[in-house]
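Following: one structure in structure tokens, then a few remarks.
The values are calculated or read from the model by the stated rules, or taken from the named source; none is laboratory data. All of these numbers come straight from a predicted model, not from anything done at the bench. Using ideal geometry, Cβ is built from the backbone for each residue, glycine included, and neighbour counts are taken over all protein chains shown.
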Amino acid sequence: MAVLPANAQFPPQGLIDNLRAQTGATGLYAVRLGDRFDAGVDPA
């Protein structure tokens, strides 16, 4: 889970894919970006 400020450093387009690439961890991602929420999961 990540809670991030809504600013230019964290653009919403492709954010979950970018987090996955930077951490190198597959699984479930939940992101609160400013007042937005999104989630994504890798296929099993």
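What tally of residues in region 15-44 results from selecting those that are aliphatic (A, V, I, L, M) and assigned to a helix (DSSP H, G or I)?
Just the residues of region 15-44 that are aliphatic (A, V, I, L, M), to begin with: 15-16, 19, 21, 25, 28, 30-31, 33, 39, 41, 44.
Retained after the next criterion (residues that are assigned to a helix (DSSP H, G or I)): 15-16, 19, 21.
Residues in region 15-44 being aliphatic (A, V, I, L, M) and assigned to a helix (DSSP H, G or I): 4 in total.
Please work out if ALA6 is surrounded by 10 or more Cβ atoms within 10 Å (Cβ to Cβ) and in a strand (DSSP E or B). Steps first, answer last, please.
Values: surrounded by 10 or more Cβ atoms within 10 Å (Cβ to Cβ): yes; in a strand (DSSP E or B): no.
Judged against the criteria, ALA6 is not a match.
Considering (1) touching a strand residue (DSSP E or B) at 6+ places or on another chain (Cβ under 9 Å); (2) not in a loop (DSSP other than H, G, I, E, B); (3) not aliphatic (A, V, I, L, M), say which one PRO12 fails and leave the rest.
All conditions are met except number (2).
Just give me the residues in region 9-44 being out of contact with any helix residue (DSSP H, G or I) (no Cβ under 7 Å at 6 or more places or on another chain), at pLDDT 95 or above and surrounded by 13 or more Cβ atoms within 10 Å (Cβ to Cβ), in sequence order.
Hits for region 9-44 are ALA30, ARG32.
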